[in-house]
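Input: one structure, supplied below.
The values are calculated or read from the model by the stated rules, or taken from the named source; none is laboratory data. Quick caveat: nothing in here was measured; it's all calculated off a predicted structure. Glycine gets a Cβ as well: all are built from the backbone with ideal geometry, and neighbour counts include every protein chain shown. Surface accessibility is based on the protein's heavy atoms, side chains included, excluding ligands, DNA and RNA. Shrake-Rupley method; radii C 1.70, N 1.55, O 1.52, S 1.80 Å.
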Amino acid sequence: MRSLQALAVPLIGNACHIFMHGLNTVQIYGAEKLQQALQERPKRKPLLTVSNHVAAMDDPFVIASLLPPSVMLEAQKLRWTLCATDRCFTNPVLSTFFRSVKVLPVSRGEGIYQKGMDMALSKLNNGGWVHIFPEGSRSRDGGKTISPAKRGVGRLVMDADSLPVVVPFVHTGMQDIMPVGKRIPRTGKRVIVVVGDPINFDDLMSENSDDTQHASRGNLYDKASERIGQQLQQLKVEVDRLAAEHRAELQNRQIDNTVNEGCRVWQNVDWESFGIGNMLSSAEHSSVQEPLKRVQHELLVAEHRTSPPEQAEPAPRLVEQSVSPVPSAAMSSEVGIIPHWFSRHADASELMGFAARGLFKNGRFMEEGYQKFEQSNVFNVCRKLRAATPCPDGAPLDLGHA
């Protein structure tokens, strides 16, 4: 079995690492915390990692993504994990396979003192690495929430011969790679993993002693499990924040791409074929020239204010020139482009009918607006003032004075 593990664990571990980093995208925050605990902890110091459980392939996919390929070549340093007997050990072939990848069997409903938990505790006492899902089962809402930690993880912490280094991490995105009911993992997805700091249990270890009664030890298990659950909840908040930022970034990027694509299509359209090319070019030219004209106008006005008047000449009518009622040649040509295009592509009878409907609607709206204005209070007051106030010599009444 050890020879089989030495072959299967590095092979499957590196394959999972290539799948996660090659066919998907993995963002890891704090990976050095796990690597430091794995490689630099004292000899025979146990390591216990805890995480949320989203998909059936969280282990080995997420575990493999956190470690460099060189580390996974040493099968003895890699993790032991637990799996339900009714899922991973249903026949001799599956049992041999999962044992070869360092999976321990546990039975549902047999409590925390069953043989599988004793085996996991034995691996910790030998200075090994055990990974466990404190929730006890996969998330029922696709990883949106984390269930409270079970008492079993507390027993692994408190009953170990030496207090293990407990490293928590939380991930999201595995629900997209392995949705519920699917057997083949998907590619092109993104997984975000946040590794937390090791959890401290020194205060609980001071309460732990061999002569402690069974009931009080259960309370210690609960306290340890509760602390682990709280750390996972805090990491879950951080993971959700990072995932929300990534979604917002993708949406902004899609909007920018859409705008850029629209501008590109707009520039590639042959507007001359529609008969409005000259109008668009003149509009772009005017949008560029307008700021220059405004600056020149402000300079002329400032120079006129600061310089003393030498002769009694009329001030330059800059504003009147800018809003001259006489249309320029360019304006007339721009205005005439669209009617010219309609004259070539539309029927004359349809144009006359469209114009008639417009005049009828405009006339009706103007008549209704005049009736509403005539019924308003302001109009009635002005009419009463005009009738009540005598106007000498037929002069018009100054309503403002009145």
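Based on alpha-carbon atoms only, what is the radius of gyration of the range 176-266 relative to the globular estimate 2.2 N^0.38 Å?
Values: Rg = 23.2 Å, N = 91, 2.2 N^0.38 = 12.2 Å.
The value comes to 1.90.
Which entries of 102/236; 102/189; 45/77; 33/189; 150/182 show an alpha-carbon separation above 23 angstrom in the structure shown?
Working: 102/236 27 Å; 102/189 27 Å; 45/77 12 Å; 33/189 25 Å; 150/182 27 Å.
Exceeds cut-off: 102/236; 102/189; 33/189; 150/182.
State to the nearest 20 debye the size of the charge dipole of the range 1-106 about its Cα centre, where the only charges are +1 on K and R beta carbons and -1 on D and E beta carbons.
Working: 11 positive and 6 negative charges, 93 e Å.
Taking the Cα centre of the range 1-106 as origin, the dipole is about 440 debye.
What is the list of residues in the range 178-193 whose amide nitrogen lies under 17 Å from a point 7 angstrom out from the Cα of residue 242, following Cα to Cβ?
Residues 189-193 fall inside that zone.
Could you sort 141, 197, 59 by accessible area so the largest value comes first, with the probe set to 1.4 Å? List each step's numbers first, then the result.
Values: 141 55, 197 95, 59 25 Å².
Largest accessible area first, the residues go 197, 141, 59.
Roughly how much of residue 139 is accessible, in Å² to the nearest 10, using a 1.4 Å probe?
20
Quote the charge dipole size of the range 120-177 about the Cα centre in Debye, to the nearest 20; the model charges only the Cβ of Lys and Arg (+1) and of Asp and Glu (-1).
Values: 7 positive and 5 negative charges, 33 e Å.
Roughly 160 debye for the range 120-177.
If you average over every viewing direction, what projected area does the convex hull of the Cα atoms of the range 10-62 give, in nm²? Kindly include the intermediate steps, with their values, before the conclusion.
Working: hull surface 18.6 nm².
The number I arrive at for the range 10-62 is 4.7 nm².
How big is the range 116-155 by Rg and Dmax over its Cα atoms, in Å?
Expressed in Å, the Cα Rg and Dmax of the range 116-155 come to 12.3, 37.
Enter the accessible area of residue 237 (Å², nearest 10), with the probe set to 1.4 Å and all protein chains included.
Residue 237 exposes around 100 Å² with every protein chain in place.
Go through 93, 50, 259 and list them by solvent-accessible area, largest first, probe radius 1.4 Å.
On the way: 93 110, 50 0, 259 80 Å².
Descending order: 93, 259, 50.
Still on this structure, please answer the following. Any idea what % of Cα-Cα pairs in the range 70-157 are farther than 21 Å? Please report the intermediate quantities before stating the final value.
Values: 1379 of 3828 pairs.
Summing the P(r) tail past 21 Å for the range 70-157 gives 36 percent.
With a 1.4 Å probe and all protein chains in place, put 171, 21, 246 in order of accessible area, largest first. All intermediate terms of the calculation are to be shown ahead of the outcome.
Values: 171 0, 21 80, 246 35 Å².
Putting 171, 21, 246 in descending order of accessible area: 21, 246, 171.
Also: Provide the solvent-accessible area of residue 253, counting protein heavy atoms only and rolling a 1.4 Å probe, rounded to the nearest 10 Å².
Accessible surface of residue 253 is approximately 120 Å².
Then there's this: Taking the alpha-carbon centroid of each part, what is the distance from the range 133-180 to the range 220-256 in angstrom?
14
For the range 67-72, just list the computed ³J(HN,Hα) in residue order, Karplus coefficients 6.51, -1.76 and 1.60, θ = phi - 60°, integers in Hz, with x standing in for Gly and Pro.
10, x, x, 5, 5, 6
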